[in-house]
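Novice: One structure, as structure tokens, below. Some questions next.
Derivation of every value follows stated rules applied to the coordinates shown; laboratory data play no part. Just so you know, these numbers come straight off a predicted model, no measurement behind them. Neighbour counts run over all protein chains shown; Cβ positions are idealised from the backbone, glycine included.
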């Protein structure tokens, strides 16, 4: 499922995917509010999110079944990016030996929100990634709805995780200030914000241009 | 007046405004108390005639004739308290060692008392001694002057005793001599400053104590032991040496108690406690909780002893009135303490012991005298100062006169009717009245002596803002000479006027009204000037159409905005106590984030500039992860990774603040001699540190050799070649000695010799840099023919030499070509001199200077945290490489250093302040740094002060020194880059000249260096403003003395340090510049 060139007609499915992801996060937050365990929370969220994204991609974007062979590559890259995020978290000052599992869960979550959508759509080649992340001028260069969603949600979830670290040193003694809960919340909040931003942006572009219909 | 002179004028003017802002703010912020110079005498109008007992004491009949005061410095309450629940053999080194106190409490409960002796912070010995003798509350101002103890002028118990013809003997800590010169009939002072010395003071006292006790002719004997405190500073309370020390103290107490007679009282007290690391100065429970043990062989009190577990608390200033009245002398005039009532219910001379009413009455009599004395003091104080809030003062007076009337009535009652039933309860009520009066007075005084002078504070803040404004204004106008000239006059006029204002404020001792008047005048004047400037500029702009502001692009690009945001975040962090407490994490977090932003930016830049290739489907399939990872373009990411790794590693060297309750003390911060149980660990740490300091020096040598700066026999080259390695060697030897047990160490003279060798070696290097900063070498003409043969002079390392020779002759060639085009004689076969090291002539001088300073810093930081300084060096190197990378890929030849790089340097200096084992609190200052190379008996306090200062601000000094390297580094690094790549890439035309381009564009050089220094100072000034504003806004915050005030003081000292170091490094750059100019002139002449 790598390297699918997307046409502007994919706007509708992309919007649906975004809305569904945001809904999923809200529902999740609602159901786990009373009985919160960060590890199970992250694990279940990752599974649900992956299932939604894969199903949506396969059903809505008609990804060719032949490309499923690239799945293994994608999974390896996903684990690899989790490791990268883990390393970055440790470099930022997360404990090296204690609470490894918590840190790794955050890393997996970041890999799922920031890297996995990109891996599924762009594949694993550097060129595609640098094109999307460093060459896109969001208001000038045209790119597909899906790519804009990936860009916005990816950047925003990393930013959210970064901002999530800010409340940790405060002396409020809240349970969510414990590492890495605030960062997990920040990641998901940032991810949702990115998706909402992308949705608005796509709708705005559509209204402006009205070149393509929604579905 | 040249460009250079103008810059210096601006630098100095801005520094004056900054310094003035800091000083004026401090004046309003750090609290002061007026001293009432009045003494109490025997005959005051509130004492009754019957109370005057002449020989037997005035004010009250004395209870004891003689007193022994044994001060065990830093005797924490739990050192003195005997915990019976601990099984024998399992106690910690400081527990259950003072057995004699326990024995006395058990066996003679009415002859002994143990109290928690609560100190008023700051818990430094000098402040405590003032409190313990005058009974007054300390203010923050005194805290800084721990080393320069001055004579006490307020009324105090020592003078009161002397006025009653009592003689005092003092032994131990020589601080007493400074506080009370010529007051003692005999004294045995011993130096107190040397905290490494655990035994001199104590053994000196022990030798003299018992003989002195057996002599007659003294009425009070003060013995001040320092061993426990020094042991805490050196080893901490958990070290076995502490156990030995306390056992020794126990023996002393036992022998003292044995020699006491019935008319003597013994006070054993600690002036403050210590934290778990053995430091003190702050106001944590461990530091404030000292112990007070009172004992007399005769009956002390009628009150039944409380349970051992809950010893009552008394304040340290309570000791003064208690001791005065027990000894029958007047209470010192400015005392605010309250007597310890239970020590006053036994009066054997008046047969008071029999009746309970008489006991209580006796107590009340003492309390009444105490209250009267406090009232007199308040009255006197209110006459000279309007500090007291009116109605609170009135309420207190009412309470006092109520109790007084009640007492009169009671006495009349007793006189007429004798004792009756409710007398006791009325007396007890009276007792509580007096007590509450005294407690309330103390509360009020504590409240008002925390009063701020808001006028000075806002003036200080305003001045700081103002100088930041001038700095920003000047920074925006330093991109070309014309703009600089124009802006210069405005800035100079404004800042000159304001520094004159500062001077007037400072020397006229500032009355509020005149200050405001002057302030308005000055403000109006500067507004007029700035408006005038703007009008002038507008007119100029109309005349010439060059209104472009190229310098702004460096500030308002993506990374520039991010850097501004990060600066702003740091600024905001000062307003939250949590962020100040965890500032160590905050600074590294922001530093790392900024670096990631930069490296992503660079990466994005070079991805954005390269043409996008259409990759065929076939090529796509071949995806090689290793090729991607080893791509040259990944360099910024790898640099960022290494940088972050260094920062992460440096986190292990952090010290713990007391508020960081999850923090564990790093083993790098323990002295090497405390690794008693694990020899391999000891060795590992030692060798780790040695390797960590040797690697940078190898790097230095390699660098200088590679760029040809290590040839010839000039003083600079020789000192670099030999002095620096010798210094390293002696640092390593000195650290090896640290592993020895301290007893052995103190007797070895080499412990002082080795560091001195290091100082001398590095000072030689520093002097050499100043004498002749050019580490270049002209190849003699004779050897010119034998270019590729090893000559006698350059016999070793032929290949690098040849490479350098070729490279440098290349440089020199282009240099000469340039000169010839400038109009000098043109001839093809003119002999070209071959010069080594011309491409790095500026940076080599900077680097050698930095290396020499770093070596001193290594020595001062000690073997534990020195490795962190190496990490800092590594980070600086990576930062420079990163910037070079940036320059190369953006094909940017301008010398303007972007704001984000300056912020990176600023954040690095902040982060390594914490990573070198410091925190912005008084207890984490490493006082022992003053003893590297010196014995500790200092004549003046300048040298130890400097050493401690350098230790504390090591990172600021190091990072600020390397600042000009940002300018130089890309010049010669990019030149290497383009030479290697050949002519394919000629974006950087002057690249092969290395740093020689700096001398060719002298004006541009001056402007850039100036701008760089000013920008860096600006970052720290913003930090200073943040901490100042936070201290001002949150001055009523609960934590202000614990968190915000120390942060502000540390920030202002570090700011001043940085300013001085920046001026030094900019000065050094200009020194090299002028030397190089002279050298080139001479070269031209000889041709």
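Novice: Determine, for each peptide in B:3-10, B:572-579, A:183-190, B:267-274, the mean count of other beta carbons within 10 angstrom over its residues, then list the peptides with the highest first.
Specialist: B:267-274, A:183-190, B:572-579, B:3-10
Novice: Once the Cβ-Cβ distance between residue B:679 and residue B:45 is put in as r, and R0 is 45 Å, what FRET efficiency do you end up with, to the nearest 0.05? The partial results should precede the final answer.
Specialist: Details: r = 72 Å, r/R0 = 1.60.
For R0 = 45 Å, the calculated efficiency reads 0.05.
Novice: Starting with the fewest neighbours, write out B:116, B:654 ranked by other beta-carbon atoms found within 10 Å of each beta-carbon.
Specialist: Listing B:116, B:654 from fewest to most nearby Cβ atoms yields B:116, B:654.
Novice: Arrange B:734, B:415, B:81 by Cβ neighbour counts within 10 Å, fewest through most, would you?
Specialist: Result, fewest neighbours first: B:415, B:81, B:734.
Novice: If you rank B:517, B:249 by fewest surrounding Cβ atoms within 10 Å, what's the result? Walk me through the intermediate numbers first.
Specialist: Details: B:517 11, B:249 24.
Ranking B:517, B:249 by Cβ neighbours within 10 Å, fewest first, gives B:517, B:249.
Novice: Enter the mean number of other protein chain beta carbons within 10 Å of the beta carbon of each residue in A:90-99, as an integer.
Specialist: Averaged over the peptide's residues, the number is 4.
Novice: If I model the range B:635-790 as equal point scatterers sitting on the Cα atoms and use the Debye formula, what is log10 I(q)/I(0) at q = 0.11, 0.21 Å⁻¹?
Specialist: With no solvent term, the Cα-only Debye profile gives -0.69, -1.30.
Novice: Ok, one more. With a 10 Å radius around each residue's Cβ, average the other Cβ atoms per peptide and rank B:1072-1082, B:964-974, highest first. Spell out each step's value before the answer.
Specialist: Details: B:1072-1082: 15.8, B:964-974: 24.0.
By packing density, highest mean first, the sequence is B:964-974, B:1072-1082.
Novice: A further question on this structure: Can you pull the one-decimal nm distance between simple spin-label points at residue A:54 and residue B:893, each 7 Å off the Cα toward Cβ?
Specialist: Each label point lies 7 Å from its Cα, and together they span 5.6 nm.
Novice: For the range B:64-349, what's the relative contact order in percent, using C-alpha pairs closer than 8 Å and at least 6 residues apart?
Specialist: Once divided by the residue count of the range B:64-349, the mean separation gives 34 percent.
Novice: Along each principal axis of its Cα atoms, how long is the range B:64-349 end to end? Whole angstroms, biggest number first, please.
Specialist: Here the spans come out as 49, 44, 35 Å, largest first.
Novice: Rounded to two decimals, what ratio of Rg to Rh does the range B:363-435 give with C-alpha atoms and a Kirkwood Rh?
Specialist: On the way: Rg = 14.6 Å, Rh = 13.5 Å.
Result for the range B:363-435 is an Rg/Rh of 1.08.
Novice: Same structure again: Please report the equivalent ellipsoid semi-axes of the range B:320-416, computed as sqrt(5 x eigenvalue) of the Cα gyration tensor, largest first, in whole Å. Present the calculation step by step, with values, prior to reporting the outcome.
Specialist: Details: eigenvalues 154, 64, 16 Å².
Semi-axes from the Cα gyration tensor: 28, 18, 9 Å.
Novice: Can I ask one more? For peptide A:162-169, how many partner chain Cβ atoms fall within 10 Å of a residue's Cβ, on average? Intermediate results must be reported in sequence, preceding the final value.
Specialist: On the way: counts 3, 0, 0, 4, 5, 1, 4, 13.
That works out to 4 on average.
Novice: May I pose another question? Can you work out the FRET efficiency for the pair residue A:20 and residue B:1033, with r the C-beta to C-beta distance and R0 = 30 Å, to the nearest 0.05? Don't jump to the answer; show the numbers that get you there.
Specialist: Details: r = 47 Å, r/R0 = 1.57.
After rounding, the FRET efficiency stands at 0.05.
Novice: Taking each residue in B:577-587, count the Cβ atoms of any other chain within 10 Å of its Cβ, then average. What number comes out?
Specialist: 3
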